[in-house]
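Here is the structure we will look at, set down as structure tokens.
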Amino acid sequence: MIIRKANEGDVPQIIKVLKKSLGDELPVSEQIWRYKHYDNPFGPSIVLIAEENYDIVGVRAFMRWEWKMGNAFFHTYRAVDTATSPDHRGKGIFKKLTLKAVEVAKEVGGDFIFNTPNDQSRPGYLKMGWERSGKIKVGITPSWISFWKLQSGNPEYIISHKTSKEELGAICDNWNSALASNSRLFTPKSPEYLIWRFEKNPLQKYEVFSEDGIYMAASVKKRRNFKELRIVESIFENRENNLRKAGKIIKKWSSKFGVQVISFSPELKQLGGPSFVGSFGPILTLRDLNLQISGNQNLANVEQWSYSLGDLELF
């Protein structure tokens, strides 16, 4: 068995391994793979494959991502797609690929790797050097405007821009500058990122609105007995003056989709009304590469992260 970097010619075989391993659990296609690992505005992913007799039997991908604190940029990776062919399980392929990908990420100057593994996979990551950073905090508020509204059908998601790309760039620049003045970690936003992440995402459709200093994106999650409006992105050019506008947009979306609950980043708790913030999200884990965590303990603590739900949402 050999482990090597994947190339674009390997994509069809990689998709076959993913489908064979995951079945119908997750949607996979060449379009989705290229969207995530080649079209990403932060750069191409690290993708390694395990090969036996010229057949791909395992794959591991680290998606490139960027965070910033003050004026310091952190070049990081998200541990995302991984699969082992069912015929080759029990050979330690996942561990071999992951540790080799960690080596590659460190060699190319990555600062850290982050992800939100589930309860089954988390112990394996911890054994490979990942650290628990804490549970992701999420804000929750009831949607009184549509709490008892039984919405029939599935309203279409709409992307509504009342700003040009240049104006959106200015909104992002002002937002990034405001967050850089705080001593917390955040993902810098740009029009290229927002369009890629929320407007051209083949995995998930989003409702998007931008106008006069504001950009917002949301999606609806169907739970067993209710529907949740998840505010995945909310960027304000002037936070105070736009909170009222954000509130009106959220009420409009709540009514449109007939949701009972609204979830949002803790950064949006200023919206007012009865709401609370708690550790309802998954556990964030982090793998140091070139940080020397002992001197950067603040980055290992999720309390020092300033994030939108879209920054950490699985996709």
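The values are calculated or read from the model by the stated rules, or taken from the named source; none is laboratory data. The model shown is predicted, which means the values in this text are computed figures rather than measured ones. As a convention, Cβ positions derive from the backbone with ideal geometry for all residues, glycine included, and neighbour counts pool all protein chains shown.
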The lone exception for ILE171 - which of (1) surrounded by 18 or more Cβ atoms within 10 Å (Cβ to Cβ); (2) farther than 29 Å from PHE257 by Cα; (3) modelled with pLDDT under 95 it fails: (2)
Contacts under 6 angstrom Cβ, first residue in the stretch 156-168 being in the same structural domain as SER255 (by TED's automatic domain parsing) and within 10 Å of ILE195 (Cβ to Cβ), partner among the aliphatic types (A, V, I, L, M) and crowded, with 18+ Cβ neighbours inside 10 Å, 6 or more apart: ILE159/VAL208
Options VAL108, VAL17, VAL104, VAL11: the member that is closer than 23 Å to ASP311 by Cβ, among the hydrophobic types (A, V, I, L, M, F, W, C) and in the same structural domain as TRP130 (by TED's automatic domain parsing): VAL108
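Listed here are the residues, each with its yes/no results for (1) farther than 21 Å from LEU194 by Cα; (2) buried (at least 21 other Cβ atoms within 10 Å of the Cβ).
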site	(1), (2)
HIS37	no, yes
ASN40	no, no
MET69	no, no
ALA83	yes, yes
ILE93	yes, yes
VAL104	yes, no
ARG122	yes, no
LYS127	yes, no
Condition met for GLY90 (small (Gly, Ala, Ser) and either touching a helix residue (DSSP H, G or I) at 6+ places or on another chain (Cβ under 7 Å) or modelled with pLDDT of 95 or more (or both)): no
Strands (runs of 3 or more DSSP E) completely within the stretch 43-162 that count 1 or more residues being out of contact with any strand residue (DSSP E or B) (no Cβ under 7 Å at 6 or more places or on another chain): 46-52, 55-69, 72-84
Only listed residue being farther than 22 Å from LEU18 by Cα, assigned by TED's automatic domain parsing to the domain that holds SER306 and at pLDDT 95 or above, chosen from GLU131, GLU66, GLU51: GLU66
In the stretch 57-98, residue farthest from PHE186 (Cα to Cα) [restricted to those that are without any contact (Cβ under 8 Å) to a residue 60 or more places away in the chain and charged (D, E, K, R)]: ASP87
Test for LYS221: is it surrounded by fewer than 18 Cβ atoms within 10 Å (Cβ to Cβ), assigned by TED's automatic domain parsing to the domain that holds PHE186, over 22 Å from TYR307 (Cβ atoms) and at pLDDT below 95: no
The stretch 267-301, residues that are of a type outside the set (Gly, Ala, Ser), surrounded by 17 or more Cβ atoms within 10 Å (Cβ to Cβ) and modelled with pLDDT under 90: GLU267, LEU268, LEU271, LEU291, LEU299
Qualifying residue in the stretch 204-215 (condition: crowded, with 18+ Cβ neighbours inside 10 Å and more than 18 Å from LYS162 (Cα to Cα)): no
Qualifying residue in the stretch 14-21 (condition: crowded, with 17+ Cβ neighbours inside 10 Å, modelled with pLDDT under 95, in a loop (DSSP other than H, G, I, E, B) and not hydrophobic (A, V, I, L, M, F, W, C)): no
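From PHE226, PHE198, which residue is buried (at least 18 other Cβ atoms within 10 Å of the Cβ) and touching a residue at least 12 places away in the same chain (Cβ under 8 Å)? Spell out how you get there, then give the answer.
Numbers: PHE226 fails: buried (at least 18 other Cβ atoms within 10 Å of the Cβ).
Criteria check complete, one pass: PHE198.
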